[in-house]
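Novice: Take this structure, written in structure tokens, and hold onto it; I'll ask about it next.
The values are calculated or read from the model by the stated rules, or taken from the named source; none is laboratory data. In this text the structure is predicted, and so the values were computed from the model without any measurement. Cβ placement follows ideal geometry from the backbone for every residue including glycine, while neighbour counts extend to all protein chains displayed. In case anyone asks, the SASA skips ligands and DNA or RNA and just uses the protein heavy atoms, side chains included. Shrake-Rupley method; radii C 1.70, N 1.55, O 1.52, S 1.80 Å.
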Amino acid sequence: MTVQELKSAFQEAYGKPAEAVYFSPGRVNLIGEHVDYNGGSVFPCALSFGTYLLLAKNDKRVVNFKSLNQTEVVSLGFDNLTTRLGKLWVNYPLGVIAQFLKQGIEFKTGYDLLFWGNVPNGAGLSSSAALEVVTAYAFNDQLGTGFNRTVLAQIGQKSEHEFALVNCGIMDQFASANGAKDNAIHLNCDTLEFEHVPVKLDGVKIVISNTHSPHKLDSGAYNQRVAECKLAVEQLNKVRPIKYLAELSEAQFNEISSAITDPVALKRARHVVGEVQRTSDAIKALKAGNIEKFGKLMNASHVSLRDDYEVTGPELDCMAEEAWKVEGVIGSRMTGGGFGGCTVSLVKEDAIDTFIKEVGSAYEAKIGIKPEFYIAEIGDGARRVE
Ligand code: GLA
């Protein structure tokens, strides 16, 4: 939908014009998976698709939530803005508003909100982070709170913890808040220092393959991974004080890894320590223009997520393995939380048609689901559109 169409939809929904229009993007992570909550570095890019929020003030003490993607319409009085609502979509923006209120920020008027997003839902491309960050950005602007983009990302993350009950890291919200066109974000998730790194891929494109796998990001399995990493840290602390797994080099980890007595926690920790090294090597390779090396590290990342972290599953494995067979594919791996969702691949431009045809038909034959492919455009982070 165009901004003009969205404004007409707002007029129709609320019988008055929108006063402002905001946008925040989804993201794709190139490498550095399941390391954000372990204090490691990640390398995501914001996408050109995301979530729009149109709003206008109202003179009642209520916030009205509508979405063109959802059927439930919710209207909440000021006293009900800090409690989560079952499993409704409204929890994502509501959780953000709750964070403003919990910090003692006052709402002087009510608001009419209308959301619309074009990030495929449940695809691991952070449609929920886009929804959270667009809400945080909009209220920061409306209420004049002056939070910087890092704080807005943290507000989104807290909302996810408290209202969606997923103990996620900061990567998705940070990428949505801080994206920059044609750049990836090299973010240190411990210090939150970051740099934009130009993604110069001569004759190569980023292709996202959506498995359309019915499994959604399973918050139970995700939270379990977070807990397993915490257990590994606790057991390692018997021999060396650390706060995060990402503090250890592979050599340091190998020296003390026998302190982890739980075999599952040991595998999880091994993935994290290896992924931290791969991410650092991959960013250096990209800066040096060595795309081939970047691609090999992507493949190794997938294998580690498959064997040690166990967050891929047959659909993501099939999609990556079929991609590896195609000539002109530089690298391919699952992206995001896993358990379904998307892979990200670097594909030579002249091989893209073959890639889509061959990977698409092999995947459909083996899994029985028609996949979808997008050529990623790296876009800017959260902003006011009008
Ligand atoms: C999800 C979470 C992120 C991150 C990724 C895995 O997208 O929201 O914080 O942990 O999974 O890298």
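Novice: Can you find even one residue in the range 19-38 that is free of Cβ contacts under 8 Å to residues at least 40 places away in the same chain and open to solvent by 10 Å² or more (accessible area, probe 1.4 Å)?
Specialist: Looking only at the range 19-38, we keep the residues that are free of Cβ contacts under 8 Å to residues at least 40 places away in the same chain, and these are 19.
Subsequent filtering for residues that are open to solvent by 10 Å² or more (accessible area, probe 1.4 Å) retains 19.
Checked against the condition, which is being free of Cβ contacts under 8 Å to residues at least 40 places away in the same chain and open to solvent by 10 Å² or more (accessible area, probe 1.4 Å), the range 19-38 yields at least one hit.
Novice: Then there's this: Answer yes or no as to whether LYS238 is closer than 26 Å to TRP324 by Cα and open to solvent by 70 Å² or more (accessible area, probe 1.4 Å).
Specialist: Working: closer than 26 Å to TRP324 by Cα: no; open to solvent by 70 Å² or more (accessible area, probe 1.4 Å): yes.
No.
Novice: For residues that are touching a helix residue (DSSP H, G or I) at 6+ places or on another chain (Cβ under 9 Å), open to solvent by 30 Å² or more (accessible area, probe 1.4 Å) and charged (D, E, K, R), scanning just the range 260-295, find the one that is farthest from LEU231 (Cα to Cα).
Specialist: Among those that are touching a helix residue (DSSP H, G or I) at 6+ places or on another chain (Cβ under 9 Å), open to solvent by 30 Å² or more (accessible area, probe 1.4 Å) and charged (D, E, K, R), it is GLU292.
Novice: Got a sec? Which of HIS161, HIS186 is over 22 Å from VAL347 (Cβ atoms), open to solvent by 10 Å² or more (accessible area, probe 1.4 Å), in contact with a helix residue (DSSP H, G or I) (Cβ under 6 Å, 6 or more places away or on another chain) and not in a loop (DSSP other than H, G, I, E, B)?
Specialist: On the way: HIS161 fails: in contact with a helix residue (DSSP H, G or I) (Cβ under 6 Å, 6 or more places away or on another chain).
Only one candidate passes the filter, namely HIS186.
Novice: Look at ASP308 and say whether it is of a type in the set (Asp, Glu) and more than 16 Å from the ligand (Cβ to nearest atom).
Specialist: Working: of a type in the set (Asp, Glu): yes; more than 16 Å from the ligand (Cβ to nearest atom): no.
Criteria not met by ASP308.
Novice: Would you check if LEU192 is assigned to a loop (DSSP other than H, G, I, E, B), surrounded by 17 or more Cβ atoms within 10 Å (Cβ to Cβ) and not acidic (Asp, Glu)?
Specialist: Details: assigned to a loop (DSSP other than H, G, I, E, B): yes; surrounded by 17 or more Cβ atoms within 10 Å (Cβ to Cβ): no; not acidic (Asp, Glu): yes.
Considered against the rule, which asks whether it is assigned to a loop (DSSP other than H, G, I, E, B), surrounded by 17 or more Cβ atoms within 10 Å (Cβ to Cβ) and not acidic (Asp, Glu), LEU192 comes out as no.
Novice: Looking only at the range 357-379, which residues are assigned to a helix (DSSP H, G or I) and either without any contact (Cβ under 8 Å) to a residue 60 or more places away in the chain or among the acidic types (Asp, Glu) (or both)? Reasoning before the result, please.
Specialist: Within the range 357-379, the subset assigned to a helix (DSSP H, G or I) is 357-367.
Across the range 357-379, the qualifying residues are LYS357, GLU358, GLY360, SER361, ALA362, GLU364, ALA365, LYS366.
Novice: All but one of (1) charged (D, E, K, R); (2) within 28 Å of VAL199 (Cα to Cα); (3) at pLDDT below 95 hold for GLU106, so report the exception by its number.
Specialist: (2)
Novice: Another question, then. Being open to solvent by 10 Å² or more (accessible area, probe 1.4 Å) and closer than 22 Å to LYS348 by Cα is the filter here; which residues of the range 304-317 pass it?
Specialist: If the condition is that a residue be open to solvent by 10 Å² or more (accessible area, probe 1.4 Å) and closer than 22 Å to LYS348 by Cα, then ASP317 is the only one that fits.
Let's see how each residue does on (1) over 25 Å from PRO120 (Cβ atoms); (2) part of a helix (DSSP H, G or I):
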site: ALA269; (1), (2): yes, yes
site: GLY274; (1), (2): yes, yes
site: ALA282; (1), (2): yes, yes
site: LEU286; (1), (2): yes, yes
site: GLU310; (1), (2): no, no
site: ASP317; (1), (2): no, yes
site: ALA323; (1), (2): no, yes
site: GLY331; (1), (2): no, no
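Novice: I'm trying to understand the selection: among the residues of the range 232-267, which are free of Cβ contacts under 8 Å to residues at least 24 places away in the same chain and assigned to a loop (DSSP other than H, G, I, E, B)?
Specialist: ASN237, LYS238, VAL239, ARG240, PRO241, ILE242, listed by residue number.
Novice: State whether the residues of the range 339-353 include one that is under 23 Å from the mean Cα position of the chain (by Cα) and either over 16 Å from ILE375 (Cα atoms) or surrounded by fewer than 19 Cβ atoms within 10 Å (Cβ to Cβ) (or both). Full working, then the answer.
Specialist: Initial filter on the range 339-353 (under 23 Å from the mean Cα position of the chain (by Cα)): 339-347.
Now narrow it down to the ones that are either over 16 Å from ILE375 (Cα atoms) or surrounded by fewer than 19 Cβ atoms within 10 Å (Cβ to Cβ) (or both): 339-340.
Yes, that holds for at least one residue.
Novice: Here's a follow-up. Hey, does the range 103-110 have a residue that's out of contact with any Leu (no Cβ under 9 Å at 6 or more places or on another chain), open to solvent by 30 Å² or more (accessible area, probe 1.4 Å) and within 21 Å of VAL151 (Cα to Cα)? If you could, list the steps in order and put the result at the bottom.
Specialist: If we filter the range 103-110 for residues that are out of contact with any Leu (no Cβ under 9 Å at 6 or more places or on another chain), which is where we start, we get 103-104, 109-110.
Now restrict to residues that are open to solvent by 30 Å² or more (accessible area, probe 1.4 Å): 103-104, 109.
Going one step further and asking which of them are within 21 Å of VAL151 (Cα to Cα), we end up with 103-104.
Yes, the range 103-110 contains at least one residue that is out of contact with any Leu (no Cβ under 9 Å at 6 or more places or on another chain), open to solvent by 30 Å² or more (accessible area, probe 1.4 Å) and within 21 Å of VAL151 (Cα to Cα).
Novice: Of the residues that make up the range 92-99, is at least one open to solvent by 10 Å² or more (accessible area, probe 1.4 Å), more than 13 Å from LEU53 (Cβ to Cβ), within 14 Å of the ligand (Cβ to nearest atom) and in contact (Cβ under 8 Å) with a residue 12 or more places away in the chain?
Specialist: Taking every residue of the range 92-99 in turn, none turns out to be open to solvent by 10 Å² or more (accessible area, probe 1.4 Å), more than 13 Å from LEU53 (Cβ to Cβ), within 14 Å of the ligand (Cβ to nearest atom) and in contact (Cβ under 8 Å) with a residue 12 or more places away in the chain.
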